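This report concerns only the one structure given below.
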Amino acid sequence: MTLRNLESVILVKSSNIELGRALPAWVRRRIARIASKYFARLNAASVYLSREGRSYRCTILIDIGALKIVTGEGYGFNCYLAFHGALRKVAKQLRRMKRALRDDKRRRASVPNFEVRRSIAEPGHVEPSLRANGSGPSGPGR
């Protein structure tokens, strides 16, 4: 995505803070990087910065594909710290959503206890038993 495309997709707003030009551009690049890291399609995102007393608050809303909207909120002593805290929360939610969609966790199968028995044909050869209780085709203890 180019910066012009990001401006139409990612909105950066504030009611009581002068944002300038550098902060919104930096915020858009960071949101685009996180969104493309976990999912390819970013429908819309909005970042709202406000000042509360001596600290700043940042709220991030991200809409990706057909998934639910992800929200994160962060506080800090400057706008960058507040944004970074909110972005960490959003990134964690996106990472968990991607992991749930992938569903590639291995299932633990109940593996029987294999015992080692000596082969009748080769006295030095050891092979695992095919039965869980250790009794092979020739019976236990051979």
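The values are calculated or read from the model by the stated rules, or taken from the named source; none is laboratory data. This is a predicted model, so every value here is computed, not measured. FYI the Cβ positions are ideal-geometry reconstructions off the backbone, even for glycines, and counts take in every protein chain you see. Protein only, heavy atoms only, side chains kept; ligands, DNA and RNA dropped before computing areas. Shrake-Rupley method; radii C 1.70, N 1.55, O 1.52, S 1.80 Å.
Return the FRET efficiency for the residue pair ASN16, LEU101: r is the Cβ-Cβ distance, R0 is 41 Å, and the value is rounded to the nearest 0.05.
Efficiency for this residue pair is about 0.60.
Give, in nm to one decimal, the length gained when the segment between GLU52 and ARG88 is fully stretched (0.36 nm per residue of separation minus the Cα-Cα distance).
Going from the current span to full extension adds 10.9 nm.
Anything over 18 Å Cα to Cα? Flag those among LYS37/LYS92; LYS13/LYS92; LYS13/LYS37; LYS37/LYS98, in the order listed.
Pairs exceeding 18 Å: LYS13/LYS92; LYS13/LYS37.
Tell me the trypsin sites (Lys or Arg not before Pro) within segment 18-80 that lie in a loop according to DSSP and have at most 11 other beta-carbon atoms within 10 Å.
Of the trypsin sites (Lys or Arg not before Pro), the ones in loops of segment 18-80 whose Cβ has at most 11 other Cβ atoms within 10 Å are ARG21, ARG41, ARG54, LYS68.
Which percent of the accessible heavy-atom area of segment 17-82 goes to carbon and sulfur, probe 1.4 angstrom?
Within segment 17-82, the accessible surface is 54 percent carbon and sulfur.
For segment 1-74, run through the GluC sites (Glu not before Pro) and keep only the ones in DSSP coil with at most 13 other Cβ atoms within 10 Å of their Cβ.
Answer in residue order: GLU18.
With a cap of 12 neighbouring Cβ atoms within 10 Å, and only residues DSSP puts in a loop, list the chymotrypsin sites (Phe, Trp or Tyr not before Pro) found in segment 47-105.
PHE77
Hey, could you grab the Kirkwood Rh for segment 1-97? Inverse mean 1/r over distinct alpha carbon pairs, Å, one decimal.
When all Cα pairs of segment 1-97 are included, the Kirkwood radius is 13.3 Å.
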